[in-house]
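Reviewing the structure listed below.
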Amino acid sequence: MRFQKKLDGAQTVAVVDTSFGDSGKGSITDWLASMKDNNGNILFRHVYRANGGPNTGHTIYVNGNKTVFHLIPSAALNMGVNCYIGRAVAFEPKTFLMELDRVKQYNPEPRIIIDYGAPVIMPWHIAIDNLREAAKGKEKIGTTGKGVGPCMETMASRNGFVIVETLTNKEELRKRVNEAINRFQPEIKHLINKLKEYQEIDSYLANIKLQLNGNLGIYFNNEELNAEKIIEDYTKHGEISSNYNSRTVLSTVSSEMLEFEEIKNIKGVKKFEELPENAQKYLETIEQLTNSEILIIGNGTDRNDKIVR
C-alpha cells in the first residue's frame, strides 16, 4: 500500500492540522498508536502532544465506545504507548485527573509523561477568560472559556506558573498565588462591572502548512464527504490576500470555488476504488491543489473506520 511505503524508514510521523480544527487529529493519532509490525511490536511507542490545551477536543471511538480527550494525548488508550504532554501545552489539573480516570477504564497502566515546564491554567485564568468573553456582548469570539489564552499571556509576561512550581514549597506557592490574584483583581472587577454552517477545505493554507511541516501524506477525515466547496485561493483584486484568517477573509474576499454535487455517505467503504465517482473526483482535486497524496480516509467514528491506500 502507498501508506506503508511512505512509512518505510520513517522515524517520526507528525500529525498536522491543515484546516481550523475538527479534522480528526485525535482519531488518526489513536489509530497510528494502535499499529503494530509483523512481529506484533508497537510501531509508534512514543506520542508527543506539542501544544494546545483543554480548549480542544479529540473524540475517539474504539469498538463503539466513545472517549473524549481535551488534554491527554488521544493515544493513551493504547497499552504500552508513552504519551507526552509537552512544554507548550496549557495544563489544567482538574481536566487531567478526570481524563486519567477515563483512560484507566481501558488502559489500567497508562504511560503519561508531563513536561515539568508546562504552563498551568489557574482558576483566575478561567474566570478572566469567561468574563472577557461575556463583556464583548455581540462581539464575542466564541472562546471555550477554559483559560488557555490568559494562561499563555501570563507565561509570556513571566508571571505564570509551570508544573514544577506547583510542587515546591507550600508557603512560597501561597505567596505567589496571592500576588497573582491581586494582579488580576482590577481587571476582574472592571469586567464584572462592564458586564461551520459550511465545512470548507482551504487548499491555499493547507499547501503552506504541508510545505512547512514536511509532506508524508494527508489523512482526510469526513464520514459524509459533504464539503461541497474548495477554496482554491484567497484573491482580492486579482492578488492573493496577505490575511489568511478565514473568519474575516471569507466575508470580504472573493474566492474561486470548485463545486461538487452532493456525495452520499461512505461509511463502510473499504477501498478508494469503491467510493462514488464524484467522491473520488473530490479527493483527487484536493490532492492536486495541495500537491500531496491522501493516504488515509476516515469514513466512520470507530478506530478502524479507515480507507488505507
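If only one of 221, 278 is over 30 Å from residue 68 (Cα atoms) and at pLDDT 75 or above, which one is it?
278
Give me a count of the residues in segment 22-45 that are more than 17 Å from residue 69 (Cβ to Cβ) and of a type outside the set (A, V, I, L, M, F, W, C).
Qualifying residue count, segment 22-45: 7.
Of the residues that sit in segment 101-160 and are loosely packed, with under 12 Cβ neighbours inside 10 Å and assigned to a helix (DSSP H, G or I), which one is modelled with the highest pLDDT?
Among those that are loosely packed, with under 12 Cβ neighbours inside 10 Å and assigned to a helix (DSSP H, G or I), it is 101.
For segment 16-30, enumerate the residues that are part of a loop (DSSP other than H, G, I, E, B) and either aromatic (Phe, Trp, Tyr) or within 9 Å of the chain's Cα centre (by Cα) (or both).
16, 17, 20, 21, 22, 23, 24
Pull up segment 1-60, narrow it to residues that are under 16 Å from residue 75 (Cα atoms) and among the aromatic types (Phe, Trp, Tyr), then point me to the one that is surrounded by the most Cβ atoms within 10 Å (Cβ to Cβ).
Here the residue is 31.
The values are calculated or read from the model by the stated rules, or taken from the named source; none is laboratory data. Predicted, not measured: the structure shown is a model, and the values here were computed from it. Cβ sites come from the backbone with ideal geometry, for glycine too, and all protein chains shown count toward neighbours.
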